[in-house]
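Have a look at the structure below, then the notes.
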Amino acid sequence: MWILAAAWVAALLVFASFFMKTMIPLRIVAIGSNVAFISYALLGFRYGIFGRVYPILVLHSCLLPLNVVRLSQIKRLVAVVQSATDEDVLRALLPYMRSELEPEGAVLFRQGDPADRLYLVQSGAVLFVETETHAGVGDVFGEVGLFAPQGLRTLTAVCERDCRLAVIDRDKVLELYYQDPKFGFFLIRLVAGRLLGTGGCTPASVIH
């Protein structure tokens, strides 16, 4: 019987949805189950049981467009996150940052210190002593320590010249990381670039 087949397909799709670990596959399976349940309810006309299954038709007729809309929203969000530039992210981040002036020779943090801030260089330059590398205007640094297992600085940072720095505290960074997918993706790219040795340079135009 077709109605029995539709019922089993619908039940199997609902069961499969509990194994989905990410939202896009979950929504796709949910749409499939909605279609199967609607088919099952409509077949009730043919087999004379529609009076018992019409609540299923109403329920899944409402859930189907909802799942389609949510799937579309998720796909648009993924597209926005992937297309967002570092400049876009930093422009959105600046309102949460405060500006600080540091003189030449000032030690921003030492290797082994607790990592409690993320920095953006607005003017001047910063030297990382252990690696003899530099951060210039437009560079973001300090993100590695925020995500290190012990939350400790991996390098010592010293101002090579008088610096103006945009600073944001660790708690706010983590809050934005969880709330804003674009910022979270930016941090992942930044840390990955650091690990691969490509640096963490971002467009300087955003900070002027």
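The values are calculated or read from the model by the stated rules, or taken from the named source; none is laboratory data. Being a predicted model, the structure only gives us computed values, none of them experimental. Virtual Cβ from ideal backbone geometry, glycine too; neighbours counted across all protein chains shown.
Does Leu63 meet the test of being farther than 30 Å from Leu190 by Cα and touching a residue at least 12 places away in the same chain (Cβ under 8 Å)? So Leu63 fits the description; yes.
Every listed requirement among (1) closer than 30 Å to Glu132 by Cα; (2) at pLDDT 90 or above is met by Pro65 save one, (1).
Going through (1) at pLDDT 90 or above; (2) buried (at least 16 other Cβ atoms within 10 Å of the Cβ); (3) on the phi < 0 side of the Ramachandran plot one by one, Gly124 falls short only on (3).
Residues considered: Arg91, Arg52. Of these, the only one that is at pLDDT below 90, loosely packed, with under 15 Cβ neighbours inside 10 Å, charged (D, E, K, R) and more than 18 Å from Asp180 (Cα to Cα) is Arg52. Leu26 - would you say it is free of Cβ contacts under 8 Å to residues at least 12 places away in the same chain and either in a helix (DSSP H, G or I) or crowded, with 20+ Cβ neighbours inside 10 Å (or both)? Here the answer is yes, as Leu26 does meet what is asked. Among the residues of this structure, Ile56 does not count as one that is touching a residue at least 24 places away in the same chain (Cβ under 8 Å) and on the phi < 0 side of the Ramachandran plot.
Residues checked against (1) under 22 Å from Ile188 (Cα atoms); (2) touching a residue at least 40 places away in the same chain (Cβ under 8 Å):
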| position | (1), (2) |
| --- | --- |
| Leu90 | yes, yes |
| Ser99 | no, yes |
| Ser123 | no, yes |
| Glu132 | no, no |
| Asp139 | yes, yes |
| Glu143 | yes, yes |
| Phe147 | yes, yes |
| Arg153 | yes, yes |
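Only one of the numbered conditions (1) closer than 19 Å to Ala92 by Cβ; (2) more than 19 Å from the chain's Cα centre (by Cα) is violated by Asp171, and that is (2). Filtered by the rule that a residue be touching an Asp or Glu at 6+ places or on another chain (Cβ under 6 Å) and crowded, with 20+ Cβ neighbours inside 10 Å, segment 159-185 gives Cys159, Cys163, Leu165.
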